[in-house]
Amino acid sequence: MRVILLTAVAMLAFAANSLLARIGVRDGLIDAGSFTALRLISGALGLWILVAWQTRSVRPARGGSVFGALALFAYAAAFSFAYLDLTAAMGALLLFGAVQLTMIAVGLWRGDPVSGVQWCGVVLAFAGLIGLLLPGLSAPPLGSAVIMLVSGVAWGVYSLLGRGVSEPLAATANNFLFTVPLAVLLVLVTWSAAHISALGVFYAVLSGVLASGAGYAIWYTALPALSSPIAATVQLSVPVIAAMGGVLLLAEPLSLRLVLGSVAVLGGVALVIMAPMMRGGGNRE
């Protein structure tokens, strides 16, 4: 029950990032550059406090890397700018689809064995993404959609870099810390477009401290008790939660394109993840 509760809270936190960015940036409460900087800086502070409390030491823990920090920064910056024109649901789905397909593509490039069912899943997921981007009345703005796909690729790379890390929370805390100079530079570069309100700052800090920092901490606490397929599959819920939040809290429309695209992308990824279990093989650890 504890693992289920922790996992559910972590998924809610991940979905909340989309809702908070959508409210803060698209509604004009804060510019995308400032939102990114405040999210990363507050996340770094929150994670540092958490790691210091766990280790009983104020010294920075070991872990993290320059490449990890660059991928994290690219994800966070592109994420914020994409939400200038995307709904919470569309943004979360494009992000999630790009993350999972990036990790799948790297697996294919490395020569991981792929079954026929998994190939069907890959094709279905790609078809879903293409369907979301095709011109039409309910299509998202292409520029923002591409930026969100870039964000997803960056997060996929970050996830791959973090595989096998012995202390993932400490590594994440350090990576957040390493992004602070880049966050400050982003604010300086986008200074002419900067506009900040108290509510916008609140949403950005909430995204950094709770939805990002605390969310990752909770997820890493639950992760050791979950098998790899279950851990990957449960993340399918994030775009769905974001979509429900967008419809219920932000009065966003739920288009047929979004519904069909969600079924294709999430269903295709689920086939790739679950196929080894369906045939009784694969890594269950």
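Quick note: the coordinates plus some simple rules give every number you see, no bench work behind them. Note that the structure is predicted; figures quoted are calculated from it, not measured. Virtual Cβ from ideal backbone geometry, glycine too; neighbours counted across all protein chains shown.
Summing charges over neighbours of residue 207, with a neighbour being any other residue whose Cβ is under 12 Å away from its Cβ, gives +2 when K and R count +1 and D and E count -1.
With Cα atoms as the point set, the stretch 2-278 shows a radius of gyration and Dmax of 18.0, 56 Å. Once you reduce the stretch 20-88 and the stretch 203-279 to the center of their Cα atoms, the two points are 19 Å from each other. Counting only helical runs of four or more DSSP H residues, what would the 222 nm mean residue ellipticity of the chain come to if each run contributes -39,500 (n - 2.57) and the total is spread over all its residues? So the calculated ellipticity at 222 nm is -24000 deg cm²/dmol. For the stretch 2-278, the relative contact order comes to 42 percent (Cα pairs under 8 Å, sequence separation of at least 6). Within the chain, the longest segment free of exposed loop sites, counting trypsin sites (Lys or Arg not before Pro) that fall outside DSSP classes H, G, I, E and B and have at most 11 other Cβ atoms within 10 Å, spans 164-278. Kindly point out which whole DSSP H helices in the chain project their C-alpha atoms 30 angstrom or further along the helix axis while averaging a Kyte-Doolittle hydropathy of 0.0 or above. Answer set is 32-55, 88-109, 168-189, 256-278. Taking the charge dipole of the chain about its Cα centre, with +1 at Lys and Arg Cβ atoms and -1 at Asp and Glu Cβ atoms, the residue from 90, 207, 275 reaching farthest to the positive side is 275.
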